[in-house]
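Here's the structure we're looking at; comments come further down.
The values are calculated or read from the model by the stated rules, or taken from the named source; none is laboratory data. Worth saying up front: this structure is predicted, and the values here are computed from it rather than measured. As a convention, Cβ positions derive from the backbone with ideal geometry for all residues, glycine included, and neighbour counts pool all protein chains shown. To get the accessible areas, we keep the full protein, side chains included, count just its heavy atoms, and leave off ligands, DNA and RNA. Shrake-Rupley method; radii C 1.70, N 1.55, O 1.52, S 1.80 Å.
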Amino acid sequence: MVSPEFSLSQFSPMAKPRNRSFWCLSDSFLYCGGVFLAILLVCSFWSFFTPTLNFSSAITDPSSAVSCKESGFGVNLKSDPKDLTFYDDPELSYSIEKPVKNWDEKRKQWLNHHPSFAAGASERIIVVTGSQPKPCKNPIGDHLLLRSFKNKVDYCRIHGYDIFYNNLLLHPKMGSYWAKLPVVKAAMLTHPEAEWIWWVDSDALFTDMEFKLPLQRYKNHNLVVHGWPELIYDKKSWTSLNAGVFLIRNCQWSMDLIETWSNMGPISKDYKKWGEIQRSTFKDKLFPESDDQTALIYLLYNHKEKYYDHIYLEGEFYFEGYWVEIFGRYENTTEMYLAIERGAAELRRRHAEKVSEQYGAFREEYLKSAGNGKGSWRRPLITHFTGCQPCNGDHNKMYDGESCWNGMVKALNFADNQVLRKYGFIHPDLLDSSIVSEVPFDYPADEGPW
């Protein structure tokens, strides 16, 4: 506090000379006390109306910083201790051709040295996706890929996932559908803090932005794909699962699987032979080259005792769904969800995007009759435009290109509407990306002209 002499003698027009009598000094002290009380009152009212203002916590001495975990800020992004980890091993290679051993122990050691990442590690997911290194041949291909990436970024932002987008071949021989495996292995090494790597093809679009994977269901498994056991073991079909979307645990088992899986691809000297074996085993396979999907089915079929118990064939919901049987239902699905919201004020309530998962949990109570998979009116988690080839335009001849491109636009706008509503807007026409309308306050209870 400023001394009475300094505040009165030098600056106040009411200051008295120092040689006055004692009663004058008393007046001065009374005046000073009044000023002090006034300052206290002002400070009290200030703190009452601005309770979060705290100058002592706004300026932090770096030398006395508390760990991020202890201070409630989550993981510590600025701490990398000098303890040696697998990153300091000169023999470490990210290449698909060089195996990684003792990965579980190495990853555990890294987490021990980075304790702020250990909390929540079991549910941490990195989404990995990508596209080709060169511009698309299809005139609208690059636009569709950009929107596809935005779709994945939106989903990851809502659920707090990191995402890595790769547009390079990390091995010159591993192109096309094989290109994903070198990227997934590199992501596992680059993200020891993550328990799961979620690969999503560029032509696979998130179409339920609220839905979160039921990780507890997969606690005893290391790989999750959309598939059906009867089609593998009874029908021996090369479409018995889809390898364009998969969730793989960041562990040594997965490292070993990727090594075995990759060695059925173009890096193998027996690549041509593997194509012949696959086609002779799965009679409905349409082309002679060995591909990643048939290779995985082959491992499950021929080595069931080694792989089946570790691989979860998800068929209870659209872990990824064939676009042809989905995209015509988006409008009906939208109407069914709006009908739910008209009777559920808690679902209509405006809210911050960061708490979207809570509203997804609220909604589950109303979706018990929706069913799952084919014939369901529930939003599909992922709509997969298999065979469309949006970049090169060389789509499957079963359907024309316009069906593919229009289907992708509908799916993108269907998903985008779920995001845009939190920003106050919506696409009124799923086939027209350029038009948005403002959403009324109590939409959809009040669906006036908009």
Which peptide among 404-417, 335-348 comes first, and what is the full order, when sorted by highest mean count of other Cβ atoms within 10 Å?
404-417, 335-348
Given backbone amide H placed at 1.01 Å from N, residues whose amide H is under 5 Å from that of Tyr318, ignoring those fewer than 5 places away on the same chain, are Gly373, Leu381
By DSSP, what percent of the beta bridges with both residues in the range 101-320 are antiparallel, rounded to the nearest 5?
45
Taking H as built 1.01 Å from N, whose amide H comes closer than 5 Å to the amide H of Asn166, not counting residues under 5 places away?
Thr129, Gly130, Ser131
Could you order Thr386, Thr333 so the one with the most accessible surface comes first? Probe is 1.4 Å.
Thr386, Thr333
Checked against a 28 Å limit on the C-alpha separation, the offending pairs among Lys173/Lys374; Lys185/Lys212; Lys185/Lys397; Lys137/Lys173; Lys173/Lys212; Lys98/Lys272 are Lys173/Lys374; Lys185/Lys397; Lys173/Lys212
In whole angstrom, the spacing between the Cα centers of the range 75-113 and the range 198-232 equals 27
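Can you tell me the order of 121-130, 105-114 when each peptide is scored by its average per-residue count of other Cβ atoms within 10 angstrom, highest first?
Final packing ranking: 121-130, 105-114.
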Whole-Hz Karplus couplings 3J(HN,Hα) for the range 260-268, θ = phi - 60° and coefficients 6.51, -1.76, 1.60, Gly and Pro as x, run 5, 4, 5, 6, 9, x, x, 6, 8
Residue-by-residue Karplus 3J(HN,Hα) for the range 306-323, coefficients 6.51, -1.76, 1.60, Hz, glycine and proline x:
8, 10, 4, 5, 9, 10, 9, 8, 7, x, 8, 8, 6, 4, 7, x, 5, 4
